[in-house]
Amino acid sequence: MPEVIFNGPDGRLEGRYHHVEDENAPIALILHPHPQFGGNMNHKLVYNLFQLFKDRGFAVLRFNFRGVGRSQGEFDQGVGELSDAASALDWMQQIKPDAQACWIAGYSFGAWIGMQLLMRRPEVEGFISVSPPANMFDFTFLAPCPSSGIIVHGTDDDVVPEADVQKLVDKLKSQKGIVIDYQQIEGASHFYEKEMDEVHQITGDYVDRRRAEILAG
């Protein structure tokens with residue numbers, strides 16, 4: 001997968017991009033965990049999400065937020081990182097202006113950024129949020145949530161208590177026309193040390209089902 005460098009709002013951003021020749025191929029953007037706690041685009045769960053979309057014919061991009069790896073800039077408490085994600089999606093849409101669909105997937109901090117981004121982008125067809133940090137960051141911007149998606153969380157997560165994620169899910173489920181699939185992984189911590197394959201299976205099945213429903217019209 002080719003390494004790419006593209007312009008962000010605070011300097012160059014480093015990414016990995018899988019290109020698909022089909023002009024109408026769907027696109028997906030993958031967002032990594034917290035930069036100040038070792039999060040980067042090569043995290044195994046992030047890489048797995050990248051492969052998940054690649055295997056399904058998507059053009060897909062994962063990248064390092066500002067200040068991570070070879071990306072320029074400094075950590076900006078999520079404000080600048082949201083701008084980075086918007087720039088990454090812009091970059092993909094310039095390459096794929098006729099993409100039939102757009103998905104966003106994020107893990108932990110990346111899930112928070114991703115859910116903010118989908119509020120700004122009505123073209124987002126679906127999302128994957130793995131362990132959204134509902135106890136650490138404000139999710140009140142999701143009013144209403146503009147697209148359906150899946151939230152995955154471990155029952156033994158001691159970083160983000162399951163009860164906080166359940167409150168977020170309940171709030172999102174109350175919105176008309178939006179379907180939130182909430183999948184709990186029994187015994188999993190925030191880091192899914194032994195459950196990476198299960199996360200991959202659950203999220204892959206969800207994308208397959210949603211895409212089939214959407215394409216069937």
note = With DSSP loop assignment and no more than 13 other C-beta atoms within 10 Å, the trypsin sites (Lys or Arg not before Pro) in region 96-177 are K176
key: Hz values of 3J(HN,Hα) by residue in region 101-116 - Karplus curve (6.51, -1.76, 1.60), Gly and Pro given as x   = 6, 9, 10, 10, 10, x, 10, 6, 3, x, 5, 5, 4, x, 6, 5
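For region 128-208, what is the relative contact order in percent, using Cα pairs closer than 8 Å and at least 6 residues apart in sequence?
Values: 115 pairs, mean separation 27.6, N = 81.
About 34 percent, as a whole number.
Tell me the mean residue ellipticity at 222 nm calculated for the chain from its helices only (DSSP H runs of n ≥ 4, each -39500 (n - 2.57), averaged over every residue, nearest 500).
Working: 5 runs with 73 residues, N = 217.
That calculation yields -11000 deg cm²/dmol at 222 nm.
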ask   = Quick one: Karplus J couplings for region 83-95, per residue in order, coefficients 6.51, -1.76, 1.60, θ = phi - 60°, nearest Hz, x for Gly and Pro?
value = 5, 4, 5, 5, 5, 5, 5, 4, 4, 5, 6, 5, 6
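Measure off, as a whole percent, the carbon and sulfur share of the 1.4 Å-probe accessible area of region 12-57, all protein chains present.
Answer for region 12-57 is 42 percent, counting heavy atoms of protein chains only.
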query = Cα centroids of region 29-103 and region 151-214: how far apart, whole angstrom?
reply = 20 Å
remark   = Applied in sequence order to region 118-128, the curve 6.51 cos²θ - 1.76 cosθ + 1.60 (Karplus, θ = phi - 60°) yields integer Hz couplings, x standing for Gly and Pro, of 5, 5, 8, 10, x, 6, 5, 7, x, 9, 10
query = Does region 110-217 come out rounded, prolate or oblate, given a ≥ b ≥ c as the square roots of the eigenvalues of its C-alpha gyration tensor, rounded meaning a/c under 1.5 and, failing that, prolate meaning a/b above b/c?
reply = oblate
ask   = Restricting attention to region 149-217, which GluC sites (Glu not before Pro) occupy a DSSP loop and are surrounded by at most 11 other Cβ atoms within 10 Å?
value = E186, E193
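The values are calculated or read from the model by the stated rules, or taken from the named source; none is laboratory data. Small disclaimer: the values here were computed from a predicted structure and weren't measured. FYI the Cβ positions are ideal-geometry reconstructions off the backbone, even for glycines, and counts take in every protein chain you see. We work out accessible area using only protein heavy atoms, side chains counted, and drop any ligands, DNA or RNA first. Shrake-Rupley method; radii C 1.70, N 1.55, O 1.52, S 1.80 Å.
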